[in-house]
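Asker: Sharing a structure here in structure tokens format.
The values are calculated or read from the model by the stated rules, or taken from the named source; none is laboratory data. Because the structure is predicted, anything quoted here is derived from the model rather than measured. Please note: Cβ atoms are built from the backbone with ideal geometry, for glycine as well, and neighbour counts cover all protein chains shown.
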Ligand SMILES: *Cc1c(COP(=O)(O)O)cnc(C)c1O
């Protein structure tokens, strides 16, 4: 009975919320031991309800807690309750987004989001977009459109020329992965050098394009990153778009991480020129605080979405105009309702509320950077206008420090590297946090180091 399960859900989740406050980082189960410690094996015979709920609870209470104020490990965090509500409702409704017949008003929900984002970034009436199952897939869709736009017969004949694409050495790994998937090949990805701030060097880009043309390649797209994965740097969209226009290249802006700055009057200048890009993607499950996954891809000219993704299927598309049958412009056939959770958040706090979320994350990053800069035990490696705060403490290996903090269930934080230097990477993306939680992060870290001096200096211990 669904009512009983919903009541159980309510009860377990209430316990989880308490547990998250009391124990923000759950002691990890070693990967090699997960099957021994938990009842995961699937059996022939059914469990009675009490045993079943017990097994489920064991999993729930041993799962890493990504919404707490001590989780800084990834490019998402926190929990916006109206967004969670929207996602829970989406599970109950269980629509599929391909047709209006099956999704009804949810199609309108998705279209309302797309329309607002297109208008916000200065795209005109011919723009449109869709939701993909993540930023990597949004990038894939953009790359498919860019490839198909390169020459007329592409979708029939496939790739027949040596095509090249351009992205910064600091860009996301989905770019080379997708290059392989779309038949371009990883070797045809040109990694353009980044400057000391992690921003793609525009002159180097143009030089590489010209060199490739001379060598008989067909350059077809540039990927600019809005918020590089490690440093959170913004490539210069305006100047890059000038080069793309000159050489007739598709420009995609990968804003999975920080594309949401378009919601902020204060920070949207970081994406100046975005209206010139052919496509743009943003993950609402990162800065916009929506549950995973919620990735939006928009194209300046909807024609390209249709050219690359529209296929007929008589068994499926039986009613309504194709404008409302979203399967005509999506990568998938059956597709989850990822729009409602973002819509419920947006509807409940307004565009101004979303802007506050973004601005607050930058504010928290400033708090962290100021703290680091005013304390000589720390070295700072990141720059203004980034919510990735990279640093080292007392010269301790960031790998050792982050791993021990995790094993001892103190903090969830990761490490990264830039220009050959490794550092701790603190992400201030959880807008539920305040100044207090950010300063508390440093207190926990410093106390932990004081207690673990020896271990942190002895690498052998970490390996075991
Ligand atoms: C996170 C990220 C992606 C990938 O998004 P997923 O939703 O994890 O697939 C792509 N590009 C950048 C810059 C990212 O930060």
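Asker: Within the set of pairs 6+ apart or on separate chains, which have a first residue in region 278-305 that is closer than 26 Å to residue 244 by Cβ and away from the ligand (no atom under 15 Å from the Cβ), a second that is assigned to a strand (DSSP E or B) and at pLDDT 95 or above, and C-beta atoms under 6 Å apart?
Answerer: Matching pairs, first to second residue: 278/250; 278/251; 298/129; 298/280; 299/279; 302/128; 305/128; 305/299.
Asker: Of the residues 139, 178, which is in contact (Cβ under 8 Å) with a residue 60 or more places away in the chain and in contact with a helix residue (DSSP H, G or I) (Cβ under 8 Å, 6 or more places away or on another chain)?
Answerer: One residue alone meets the criteria, 139.
Asker: Among the numbered criteria (1) within 16 Å of the ligand (Cβ to nearest atom); (2) farther than 16 Å from residue 133 by Cα, which single criterion is violated by residue 349?
Answerer: Against the list (1) within 16 Å of the ligand (Cβ to nearest atom); (2) farther than 16 Å from residue 133 by Cα, residue 349 comes up short only on (1).
Asker: Just checking: which of the helices (runs of 4 or more DSSP H) contained wholly in region 370-464 hold 2 or more residues that are over 17 Å from residue 75 (Cβ atoms), out of contact with any strand residue (DSSP E or B) (no Cβ under 7 Å at 6 or more places or on another chain) and free of Cβ contacts under 8 Å to residues at least 24 places away in the same chain?
Answerer: Where helices (runs of 4 or more DSSP H) fall fully within region 370-464 and carry at least 2 residues being over 17 Å from residue 75 (Cβ atoms), out of contact with any strand residue (DSSP E or B) (no Cβ under 7 Å at 6 or more places or on another chain) and free of Cβ contacts under 8 Å to residues at least 24 places away in the same chain, they are 435-451, 453-457, 459-463.
Asker: Please work out which one of (1) surrounded by fewer than 16 Cβ atoms within 10 Å (Cβ to Cβ); (2) over 25 Å from the mean Cα position of the chain (by Cα) is the condition residue 434 fails and give its number.
Answerer: With respect to (1) surrounded by fewer than 16 Cβ atoms within 10 Å (Cβ to Cβ); (2) over 25 Å from the mean Cα position of the chain (by Cα), residue 434 is out only on (2).
Asker: Quick one: residue 256 ticks every box in (1) under 23 Å from residue 127 (Cα atoms); (2) away from the ligand (no atom under 15 Å from the Cβ) except a single one, so which number is it?
Answerer: Result: residue 256 fails condition (2) only.
Asker: So, restricting to helices (runs of 4 or more DSSP H) that lie completely within region 85-178, which ones have at least 3 residues that are within 13 Å of the ligand (Cβ to nearest atom) and under 20 Å from residue 300 (Cα atoms)?
Answerer: So the answer is 135-150.
Asker: For region 125-144, check the following and say yes or no: at least one residue is more than 23 Å from residue 275 (Cα to Cα) and touching a strand residue (DSSP E or B) at 6+ places or on another chain (Cβ under 8 Å).
Answerer: So far as region 125-144 goes, yes, one or more of its residues are more than 23 Å from residue 275 (Cα to Cα) and touching a strand residue (DSSP E or B) at 6+ places or on another chain (Cβ under 8 Å).
Asker: Related question: Which of the numbered conditions does residue 41 fail, given that it passes all the others? Conditions: (1) surrounded by 15 or more Cβ atoms within 10 Å (Cβ to Cβ); (2) not in a helix (DSSP H, G or I).
Answerer: Exception for residue 41: condition (1).
One line per residue, one yes/no per condition, for (1) modelled with pLDDT under 95; (2) more than 12 Å from residue 99 (Cβ to Cβ):
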site: 316; (1), (2): yes, no
site: 330; (1), (2): no, no
site: 337; (1), (2): no, yes
site: 352; (1), (2): no, yes
site: 364; (1), (2): no, yes
